[in-house]
Every structure is written in C-alpha cells, then in structure tokens.
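Before any comments, here is the structure.
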Amino acid sequence: MQNGICFWSFGNGGYNTETEYGWLNYLYVLVDINGPSLPNISGKDIFYFAVHFNDTGTIIDGKTFGVRATSSMSDLYGDGTDASEGGCNKTGTNWSNGSKCTEIIMRNNWKIPKEYPW
C-alpha cells in the first residue's frame, strides 16, 4: 500500500474447535505494519487475522493457530514450542510463534498490554 503496509493472505480449513464438530473455511490475512522493512517478526510488526466462513456467517478475528474463545491470556503467551500452539513471546522458535499476538491486543481493546513481549 502507499503507506508502506504490506499484507498477504492464504486460504486454509480446519476442524471447528469452538463447537468440536464440523469444518470451517479460513482466509488468513497477515499484515506487516512497516512493509518490507525489518524486523519482519510475527507479533512485533506482522499480525495475523483470520476470516472464518461458516454456516452462521463471516467472522473476522485474531483466532489463528490454536486460539479459541476459551484460551486464557497465559495460553496466548505460551512458549511456542508446538506448531499448533505458537505463543506470543520472544523465545519461541516454531514457525507459528507470534501468531497469537493479535488476539492479545484485540482482547485488550486494541491496546498493547504492559506485559506484551515487544
């Protein structure tokens, strides 16, 4: 975009962890708030959003890679060692680490909390 923000998307699908049945279709949208400039780190300048398509409509949220409505804040900050449970922290080395950071900011009324890792 003209302001330097980059975004990209990819489609996916998976088991509906909210209801424990059925499949959902997803469109993930990743936003890099400073474009191609470094650091290009999820949770620091790259944020994940999910567009869920299901029988009840379309939902846009930060529920990606293991984030559920029942996930606690400590779950969201997890250690990032499991690919499906990548947390929002500086030490995780898994590909999905940082994917839960968007949900933390959303739950905090779009403000970065004091304990946020970056």
- Message: Would you confirm whether or not segment 21-35 contains a residue that is under 16 Å from N89 (Cβ atoms), surrounded by 15 or more Cβ atoms within 10 Å (Cβ to Cβ) and modelled with pLDDT of 65 or more?
- Response: no
- Note on the structure: The residue that is nearest to S42 (Cα to Cα), considering only those in segment 94-117 that are touching a helix residue (DSSP H, G or I) at 6+ places or on another chain (Cβ under 8 Å) and free of Cβ contacts under 8 Å to residues at least 12 places away in the same chain, is I112
- Task: Scan S71, S99 and give me the residue that is of a type in the set (G, A, S), at pLDDT 75 or above and out of contact with any strand residue (DSSP E or B) (no Cβ under 7 Å at 6 or more places or on another chain).
- Result: S71
- Looking at (1) at pLDDT below 90; (2) within 13 Å of the chain's Cα centre (by Cα), which is the only condition D82 fails? (2)
- Task: Among the residues of segment 51-68, write down those that are modelled with pLDDT of 75 or more and within 17 Å of N97 (Cβ to Cβ).
- Result: V67
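The values are calculated or read from the model by the stated rules, or taken from the named source; none is laboratory data. Note that this is a predicted model, so its numbers are computed, not measured. Backbone-built Cβ (ideal geometry, glycine too); neighbour counts: all protein chains shown.
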